[in-house]
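Below you'll find the structure, written out as structure tokens, and then a few comments.
The values are calculated or read from the model by the stated rules, or taken from the named source; none is laboratory data. What you see is a predicted model, and the numbers here were worked out from it, not measured in a lab. Counting neighbours? That spans all protein chains shown, and the Cβs are built from the backbone with ideal geometry, glycine included. For accessibility, only protein heavy atoms count, side chains too; no ligands or nucleic acids. Shrake-Rupley method; radii C 1.70, N 1.55, O 1.52, S 1.80 Å.
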Amino acid sequence: MGSILVTGGAGFIGVNFARRSVPSMRRRVVVLDALTYAGNGSSLDGLLSDQLVFMKGDIRDTDLVGRAMAEHEVDCIVHFAAESHVDRSITGPDEFLSTNIDGTHSLLKAAKSAWLAGDGVPHRFHHVSTDEVYGTLSATAAPFTEEHQYQPNSPYSASKAASDHLVRAYHHTFGLDVTTSNCSNNYGPFQFPEKLIPLMIVNILHGKPLPIYGDGMQIRDWLYVEDHCRAIELCLEKGVSGEVYNIGGNNERPNMEIVEKLCTMIEERFAADATLADRFPDCPAAHGKSNMSLVTYVADRPGHDRRYAIDYRKASSELGYEPSETFETGFSRTIDWYLAKEEWWRSVMDGSYRDWLEKNYSTR
Ligand code: NAD
Ligand code: TYD
């Protein structure tokens, strides 16, 4: 068996995949990551070995990808690399189209020339995508199945939709062996504090406003990141070439419920551990106050999707996928991780992230 190339393996889900899934794979894994603001090489600390190799590089560089594939005899690609934050896609869509569309096409071209020349070699290209390609649901509509019409509403989801179509086309036209997973919102360790859950945790700890877009009643289907990684493992093991699998958490919640839960769970931790008040003196809970006092309603996100929900019956029946973490257990693990790994989130928040926040929140 050859090596697996994991693109975007220094980002949130890629790092969790490297930590959870790679050790059991018994084959070499090459992480290729450009280390944008969202990628952090230090998240792979302690993992790098002969089995897990890191390469800094851009998926849009087809020659580089081709050389890496030849050098490491890659026969499988798990493609995470992307620009992934909807708000950034609204203020600066160009990078999303370039990375998510051109970048995916660059990988497909490299894969086609490495794997389909002559008689071809056995291979698999797994594309990691999102439920956001399906657009938005009304409160009573049935959850997204794999047959749901694509109706992407943000530049992010439109660029992911385009990448899904390219992956499908390379299968249909050239016979590339591909699978695609469309997953709901992930949360857990190593998520950059610009997405809802880690941003709220960090702001609560600092006593900063908790920005709620619009009425805060938008619904997402939250999935603990390790459950997503397990689903990707199952796609690699049992997924049928050319097929798409929706992955969800069976855990639909409005944003306000998420924020309330985080506020309460952090208050409970401050009540149980007096050292937290010393470490985070600006947190309302450090003074016996409610963290919910930080909630601040702000202007809604333009084009904000109201509801996402996933029907994952296909992944369940064909792959044996089921999420294992509940809302309670997943949130506990996540909050405890951010409390323990203050150094990690402080380091990733240095620099470009802060500049971006300044620019975008002052103009929102
Ligand atoms: P992330 O933003 O945390 O990480 C993206 C990684 O890709 C970073 O390490 C970054 O450095 C790297 N990268 C960006 N551009 C690159 C380029 N041109 N070349 C090489 N590397 C590059 O994203 P994430 O949340 O880990 O998401 C990973 C994938 O999963 C994405 O494709 C995303 O669309 C998809 N997805 C995410 C979620 C979620 O809730 N986070 C849900 C469903 C699907
Ligand atoms: P986000 O984590 O950005 O994921 P996505 O937009 O891909 O679903 O946002 C999740 C939800 O939380 C979304 O409805 C937007 C909302 N949100 C806020 O209300 N405030 C915030 O500060 C952020 C980052 C998100």
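So that you can scan it fast, the table gives a plain yes or no per residue for (1) open to solvent by less than 40 Å² (accessible area, probe 1.4 Å); (2) over 25 Å from F190 (Cβ atoms):
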position	(1), (2)
N250	no, no
V259	yes, no
D278	no, yes
D300	no, yes
Y321	yes, no
(message) I'm checking my understanding of the structure. Among residues of region 209-261 that are hydroxyl-bearing (S, T, Y) and not in a loop (DSSP other than H, G, I, E, B), which one is nearest to ligand 2 (Cβ to nearest atom)?
(response) Y213
(message) If D87 satisfies all but one of (1) outside any helix (DSSP H, G or I); (2) within 16 Å of ligand 2 (Cβ to nearest atom), what's the number of the condition it fails?
(response) (1)
(message) Can you pull out every residue in region 111-134 that is acidic (D, E), open to solvent by 10 Å² or more (accessible area, probe 1.4 Å) and modelled with pLDDT of 95 or more?
(response) E132
(request) Give me the pairs, please: first residue somewhere in region 113-126 and closer than 11 Å to I4 by Cα, second residue anywhere and outside any helix (DSSP H, G or I) and among the polar types (S, T, N, Q), beta-carbon distance under 9 Å, and either six or more positions apart or on two chains. (result) R124/T179; R124/S241; F125/T179; H126/T179; H126/T180; H126/S181
(message) Going through F12, F17, F54 one at a time, which residue ends up being of a type in the set (F, W, Y), within 16 Å of the chain's Cα centre (by Cα) and open to solvent by 10 Å² or more (accessible area, probe 1.4 Å)?
(response) F12
(request) Please find, among L97, L166, L137, L108, the residue that is open to solvent by 30 Å² or more (accessible area, probe 1.4 Å) and either away from ligand 1 (no atom under 12 Å from the Cβ) or more than 19 Å from the chain's Cα centre (by Cα) (or both). (result) L166
(request) Name the one entry in E252, E233 that is closer than 20 Å to S157 by Cβ and more than 14 Å from ligand 1 (Cβ to nearest atom). (result) E252
